[in-house]
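Q: This is the structure, below, for whatever I ask next.
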Amino acid sequence: MRQAAISAIEYYLPERVLSTADLAAEFPEWSVEKIDAKTGIQNRHIAAPDECASDMAVKAARKLFDSSAHQPGDIDYLLLCTQSPDYFLPTTACLIQDRLGIPTSCGALDFNLGCSGYIYGLGLAQALISSGQASHVLLLTAETYSKFLNPRDRSVRTIFGDGASATLLTCVDAPAPRVGPFVYGTDGSGARNLIVPAGGMRERRTAESAIAVEDDSGNVRSRNDLFMNGAEIFSFTMAVVPQAIDAVLKKARVQPADVDLFIFHQANKYMLEHLRTRLKIPAEKFQVTLGHCGNTVSSTIPIALKHAALEARLRDGALVMVVGFGVGYSWGAALISWSGLPGLGGRAGVSDVGGAAA
Amino acid sequence: MTRDEFLIEMDAILDLPAGTLKGPEKLAELEQWNSMALLGFLALVDTNNGLRLSQRQVVLCSTVADLLSLATVEGVPE
């Protein structure tokens, strides 16, 4: 049977680094130690002023082509997950097709999701391949959230970083899915808790929307800037993640102990650790990879997957639970039957952390 | 979780020496009562009492004692 399998993952981080020390210098009331203890993030990479989602996605994709046996000419479908497209229109995936030299016979589309986006992308890729519509799907994630952040809003500047990932899913003949089953969830009543209020069609940018206001916590933002209600996001996460995991396990008819590695959306270390202890997941089965890049939205899971492979935490045949959750509210969970990344084998140690070079 | 245990946990969340908080302290006058401390409180209540609280409930609290009351009485049960 036609099934999708992950055959390559690469990622790209912008060159400029915003360290926790840099932030502590800007916000003296928060020490480096305090920020690090709560977020687990030492560095965030920030896109250059003229660096957009397509630029980062192209660099991630070129890294993938350079490191794998596949070339742009193999791709017959391109998916881009982004909430910071280059333009309202045209579709940013179309621009990427052209820049990468992918055949014009391919399909290409953007989809607008954040922290759950990689899960949805995997689901779309699996469906495209199993239905015979595609055989080589290039799934890209790319965000420049930094361009939405007010410089004086420490609540979000400590957490978010820019970055992009590229995942190649190829068609294999296998009796069972390598990616799946999937569980999805949506609750739009939480939309206001992670939002850029102005700039879309609902509320255009005006002089009034640009007026910055200080909130009760001393954070400053305008309606043109990202607002995140951390407490509500935390409560939402605690409610949906355990249920999503239970649902996927039930669908797959496996037990929690059968899962070899859990990879959640890397929101921040505090939330991850709380989830881990609440779900009673042993530390050795829980991937945490955000210290060097922060919360890169839809790229956190592929980055963490890549590092899990580099760290030799994934043997051939390992069962991986991936869970994305956040803006929307939107969430998704899936199981991946790991079949290895060609060229990595089982070597230990991190030899490629993505870096800034394309 | 006893009242004293809760207060000691809140001391840690607010980076205060153990035994500092007694209950009547006004949250608005505690410099360390910020968004990170709020998350710490939510996590504390979720872990120890299995209660899911919303920010809407927490903002109605004026004192540390109000937080304790919320944590033990009015949370959303699992």
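Q: So in segment B:47-70, with the set limited to residues that are assigned to a strand (DSSP E or B) and closer than 24 Å to A:GLY190 by Cα, which one is nearest to the other protein chains (Cβ to nearest Cβ)?
A: Checked segment B:47-70; the qualifying residue nearest to the other protein chains (Cβ to nearest Cβ) is B:ARG52.
Q: Let me ask another. Just to be sure, is B:SER35 within 13 Å of chain A (Cβ to nearest Cβ), free of Cβ contacts under 8 Å to residues at least 12 places away in the same chain and out of contact with any strand residue (DSSP E or B) (no Cβ under 6 Å at 6 or more places or on another chain)?
A: In short, yes.
Q: With the requirement that a residue be of a type in the set (Val, Ile, Thr) and in contact with an Asp or Glu (Cβ under 9 Å, 6 or more places away or on another chain), what does segment A:105-156 give you?
A: Taking segment A:105-156 and keeping what is of a type in the set (Val, Ile, Thr), we get A:119, A:129, A:137, A:141, A:144, A:156.
Hits for segment A:105-156 are A:VAL137, A:THR144, A:VAL156.
Q: Identify all residues within segment A:188-216 that are within 14 Å of another protein chain (Cβ to nearest Cβ) and part of a loop (DSSP other than H, G, I, E, B); write none if there are none.
A: Listed by number, the residues that qualify are A:ASP215, A:ASP216.
Q: Considering only segment A:217-239, state which residues are of a type in the set (A, V, I, L, M, F, W, C), within 20 Å of the chain's Cα centre (by Cα) and at the interface with chain B (Cβ under 9 Å from one of its Cβ atoms). Steps first, answer last, please.
A: Kept after step one, since they are of a type in the set (A, V, I, L, M, F, W, C), are these residues of segment A:217-239: A:220, A:226-228, A:231, A:233-234, A:236, A:238-239.
Going one step further and asking which of them are within 20 Å of the chain's Cα centre (by Cα), we end up with A:226-228, A:233-234, A:236, A:238.
Matches in segment A:217-239: A:PHE234, A:MET238.
Q: Could you list, in sequence order, the residues of segment A:123-162 that are of a type in the set (S, T, N, Q) and either assigned by TED's automatic domain parsing to the domain that holds A:THR296 or surrounded by fewer than 20 Cβ atoms within 10 Å (Cβ to Cβ) (or both)?
A: Result: A:SER130, A:SER131, A:GLN133, A:SER135, A:ASN150.
Q: For segment B:1-29, how many residues meet the condition of being closer than 17 Å to B:SER69 by Cβ and assigned to a loop (DSSP other than H, G, I, E, B)?
A: Selection size over segment B:1-29: 7.
Q: Checking A:GLU284 against (1) of a type outside the set (A, V, I, L, M, F, W, C); (2) assigned to a helix (DSSP H, G or I); (3) within 14 Å of chain B (Cβ to nearest Cβ): exactly one of these is not met. Which one?
A: The one condition A:GLU284 does not meet is (3).
Q: Conditions: (1) over 28 Å from A:ASP225 (Cβ atoms); (2) within 17 Å of the chain's Cα centre (by Cα); (3) of a type in the set (Val, Ile, Thr). A:VAL58 meets all but one. Number of the miss?
A: In the conditions (1) over 28 Å from A:ASP225 (Cβ atoms); (2) within 17 Å of the chain's Cα centre (by Cα); (3) of a type in the set (Val, Ile, Thr), A:VAL58 misses (1) alone.
Q: Here is a follow-up. Being out of contact with any Ser or Thr (no Cβ under 7 Å at 6 or more places or on another chain) and either of a type in the set (A, V, I, L, M) or in the same structural domain as A:ARG204 (by TED's automatic domain parsing) (or both) is the filter here, so list the residues in segment A:82-107 that pass it.
A: A:LEU89, A:ALA93, A:LEU100, A:ILE102, listed by residue number.
Q: Among the candidates A:ASP50, A:ASP36, which residue alone is assigned to a loop (DSSP other than H, G, I, E, B) and either in the same structural domain as A:THR158 (by TED's automatic domain parsing) or basic (Lys, Arg) (or both)?
A: On the way: A:ASP36 fails: assigned to a loop (DSSP other than H, G, I, E, B).
After applying the criteria, what remains is A:ASP50.
Q: Kindly establish whether A:PRO177 is part of a loop (DSSP other than H, G, I, E, B) and at pLDDT below 95. It would help to see each step written out before you state the result.
A: Working: part of a loop (DSSP other than H, G, I, E, B): yes; at pLDDT below 95: yes.
Answer is yes for this residue.
Q: Any idea which of A:SER235, A:SER209, A:SER222 is touching a residue at least 24 places away in the same chain (Cβ under 8 Å) and surrounded by 15 or more Cβ atoms within 10 Å (Cβ to Cβ)? Before you say what the answer is, go through the steps one by one.
A: Details: A:SER235 fails: touching a residue at least 24 places away in the same chain (Cβ under 8 Å); A:SER209 fails: touching a residue at least 24 places away in the same chain (Cβ under 8 Å).
Being touching a residue at least 24 places away in the same chain (Cβ under 8 Å) and surrounded by 15 or more Cβ atoms within 10 Å (Cβ to Cβ) holds for just one of A:SER235, A:SER209, A:SER222, which is A:SER222.
Q: Give me the pairs, please: first residue somewhere in segment A:61-81 and farther than 13 Å from A:LEU140 by Cβ, second residue anywhere and hydroxyl-bearing (Ser, Thr, Tyr), beta-carbon distance under 8 Å, and either six or more positions apart or on two chains.
A: From residues that are farther than 13 Å from A:LEU140 by Cβ, the pairs are A:SER68/A:SER7; A:HIS70/A:SER7; A:HIS70/A:THR170; A:ASP76/A:SER105; A:ASP76/A:SER135.
Q: Right, another one. Would you mind finding the one in A:ALA134, A:ALA127 that is free of Cβ contacts under 8 Å to residues at least 60 places away in the same chain, in a loop (DSSP other than H, G, I, E, B), of a type outside the set (Phe, Trp, Tyr) and under 29 Å from A:ALA8 (Cα atoms)?
A: On the way: A:ALA127 fails: in a loop (DSSP other than H, G, I, E, B).
Criteria check complete, one pass: A:ALA134.
Q: Scan A:ALA312, A:ALA283 and give me the residue that is surrounded by fewer than 24 Cβ atoms within 10 Å (Cβ to Cβ) and at positive phi.
A: After ruling out the rest, the residue left standing is A:ALA312.
Q: Going by the structure shown, is A:GLU29 acidic (Asp, Glu), surrounded by fewer than 17 Cβ atoms within 10 Å (Cβ to Cβ) and assigned to a helix (DSSP H, G or I)?
A: Spelling it out, it is not the case that A:GLU29 is acidic (Asp, Glu), surrounded by fewer than 17 Cβ atoms within 10 Å (Cβ to Cβ) and assigned to a helix (DSSP H, G or I).
Q: If A:HIS292 satisfies every condition in (1) surrounded by fewer than 18 Cβ atoms within 10 Å (Cβ to Cβ); (2) in a loop (DSSP other than H, G, I, E, B) but one, which is the exception?
A: Condition (1) is where A:HIS292 drops out.
Q: Follow-up question, since we're still on this one. Could you say whether any residue in segment B:10-18 is modelled with pLDDT of 90 or more, farther than 24 Å from A:ARG154 by Cβ and loosely packed, with under 13 Cβ neighbours inside 10 Å?
A: Scanning segment B:10-18, I find at least one residue that is modelled with pLDDT of 90 or more, farther than 24 Å from A:ARG154 by Cβ and loosely packed, with under 13 Cβ neighbours inside 10 Å, so the answer is yes.
Q: Also, I was wondering about something else. Look at A:ILE41 and say whether it is in a loop (DSSP other than H, G, I, E, B) and closer than 17 Å to A:ASP22 by Cα. Give the steps one after another, and end with the answer.
A: On the way: in a loop (DSSP other than H, G, I, E, B): yes; closer than 17 Å to A:ASP22 by Cα: yes.
In short, yes.
Q: Here's something else I'd like to know. When you check A:ALA60 against the structure, is it assigned to a helix (DSSP H, G or I) and closer than 30 Å to A:GLY123 by Cβ, yes or no?
A: Values: assigned to a helix (DSSP H, G or I): yes; closer than 30 Å to A:GLY123 by Cβ: yes.
The answer is yes for A:ALA60.
Q: Something else about it: Condition first: hydrophobic (A, V, I, L, M, F, W, C), more than 14 Å from chain B (Cβ to nearest Cβ) and under 18 Å from the mean Cα position of the chain (by Cα). Now tell me which residues in segment A:246-268 satisfy that.
A: A:LEU261, A:PHE262, A:ILE263, A:PHE264 - these are the residues of segment A:246-268 that are hydrophobic (A, V, I, L, M, F, W, C), more than 14 Å from chain B (Cβ to nearest Cβ) and under 18 Å from the mean Cα position of the chain (by Cα).
The values are calculated or read from the model by the stated rules, or taken from the named source; none is laboratory data. It should be emphasised that the depicted structure is a prediction, and the values quoted were computed from it without experimental measurement. Don't worry about glycine lacking a Cβ; one is built from the backbone with ideal geometry, like all the others, and counts go over all protein chains shown.
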